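Notes for the one structure printed next.
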């Protein structure tokens with residue numbers, strides 16, 4: 001039986017709820033302006049409230065948008081639950097388990113929006129902060145905007161001391177070793193222009209949770225404008241992150257990224273895949289725009 | 001999340017403000033369980049200022065509803081905010097939990 005969604009016609013519904021009702025019940029006939037990707041792996045407990053929060057907030061903006069849940073081989077009821085929602089503009093992409101990076105990449109490469117956001121399934125970064133990230137693109141020409149728990153003005157709730165310490169250590173390594181100036185590479189709240197997303201995710205090689213680092217490394221070295229926006233972040237219980245395991249895995253992945261860059265493994269296949277350089281940026285060494293080589297990045 | 005208690009003659013009214021999630025659920029449990037033990041079996045939650053509700057909080061509401069009904073009372077959510085309303089609908093808990101308006105709350109308080 002098809003359920004009528006909230007906002008489907010009560011006179012007392014708010015404008016935001018009415019827009020949500022329309023989005024939930026009527027397939028888009030426009031190309032979406034915004035695509036939101038939520039990667040999932042065994043998120044049956046958390047995914048529905050997150051979908052609800054995202055759907056209401058983004059629908060309230062009044063622009064056509066799409067939601068993509070990119071499931072990474074869940075073995076619980078995540079897929080069935082998402083399918084069962086019957087939301088007209090939600091797409092479920094399913095795959096065998098490859099890692100969060102793989103799930104995000106599949107979702108992003110399927111996205112059609114002008115602005116592409118990926119968010120974590122636990123709503124640890126409340127979606128109400130989306131507008132602040134978008135402003136950096138629409139008003140300041142950013143290509144990539146990173147929600148940051150470490151930038152001035154950010155707030156973190158309930159995060160353990162071990163995680164904070166490891167994050168601080170990672171920040172030091174990425175800054176010194178990779179020239180990435182973003183304070184928080186790992187927050188699962190990142191916004192891209194369509195062009196930047198298409199280029200970066202096509203080059204991405206890591207499928208695990210170090211993929212954020214790889215993307216920012218690529219973006220930095222390709223001269224894209226990367227900015228960070230301080231966000232409120234709440235540590236959701238049930239986090240799958242084991243801090244020590246993460247630290248060891250990061251160290252290995254960092255080495256891999258440097259090795260691939262040194263070998264020229266990030267060279268893109270065709271000009272169409274390359275993200276645009278910033279205006280006025282010089283081409284990389286070798287005169288091949290978009291070809292990434294391991295070179296010193298000035299601070 | 002901020003919880004403000006407003007006692008009325010016939011019911012225990014709690015105004016919830018902010019994010020209602022797994023971090024807040026224990027406080028809500030303790031507060032409302034105490035009300036039930038104290039004999040206040042009609043529990044009313046003003047949800048107009050709740051910005052997000054997660055699955056742990058939803059489970060807590062269902063548990064409290066069952067506990068209240070076990071002693072002949074009820075748990076009622078009033079003036080549910082849009083985010084909570086959407087989440088209740090998507091989880092189909094709008095068919096399980098009692099949901100009302102301010103007018104209904106006032107009627108209930110007056111008896």
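The values are calculated or read from the model by the stated rules, or taken from the named source; none is laboratory data. Remember, it's a predicted structure, so these values are computed and weren't measured experimentally. Cβ atoms come from the backbone with ideal geometry, glycine included; neighbour counts cover every protein chain shown.
Scanning the range B:6-26 for residues that are closer than 24 Å to residue A:122 by Cβ and either surrounded by 19 or more Cβ atoms within 10 Å (Cβ to Cβ) or more than 14 Å from chain A (Cβ to nearest Cβ) (or both) yields B:16, B:17, B:19, B:20, B:21, B:22, B:24, B:25.
Quick grid of which residues meet (1) buried (at least 22 other Cβ atoms within 10 Å of the Cβ); (2) within 10 Å of chain B (Cβ to nearest Cβ):
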residue: A:42; (1), (2): no, no
residue: A:60; (1), (2): no, yes
residue: A:68; (1), (2): yes, no
residue: A:97; (1), (2): no, no
residue: A:109; (1), (2): no, no
residue: A:112; (1), (2): no, no
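Residue B:74 satisfies every condition listed in (1) touching a helix residue (DSSP H, G or I) at 6+ places or on another chain (Cβ under 7 Å); (2) closer than 13 Å to residue B:45 by Cα; (3) within 14 Å of chain A (Cβ to nearest Cβ) except (3). Selection of first residues in the range B:85-98 that are within 8 Å of chain A (Cβ to nearest Cβ) and of second residues that are in a helix (DSSP H, G or I), restricted to Cβ pairs under 6 Å at least 6 apart or on distinct chains, gives the following pairs, ordered by first then second residue: B:86/A:52; B:86/A:56; B:87/A:49; B:87/A:52; B:90/A:48; B:90/A:52; B:91/A:48.
All told, residue A:180 falls short of being more than 14 Å from chain B (Cβ to nearest Cβ), more than 16 Å from the chain's Cα centre (by Cα), surrounded by fewer than 18 Cβ atoms within 10 Å (Cβ to Cβ) and closer than 29 Å to residue A:267 by Cβ. Just give me the residues in the range A:198-246 being buried (at least 18 other Cβ atoms within 10 Å of the Cβ), in contact with a helix residue (DSSP H, G or I) (Cβ under 6 Å, 6 or more places away or on another chain) and at pLDDT below 90, in sequence order. Within the range A:198-246, A:209, A:210 qualify. For the range A:66-105, residues that are assigned to a helix (DSSP H, G or I) and either touching a helix residue (DSSP H, G or I) at 6+ places or on another chain (Cβ under 9 Å) or modelled with pLDDT under 95 (or both) total 8. The listed residues are B:103, B:35, B:49, B:57, and the only one of them that is at pLDDT below 95, in contact with a strand residue (DSSP E or B) (Cβ under 6 Å, 6 or more places away or on another chain) and either surrounded by fewer than 18 Cβ atoms within 10 Å (Cβ to Cβ) or not in a loop (DSSP other than H, G, I, E, B) (or both) turns out to be B:35.
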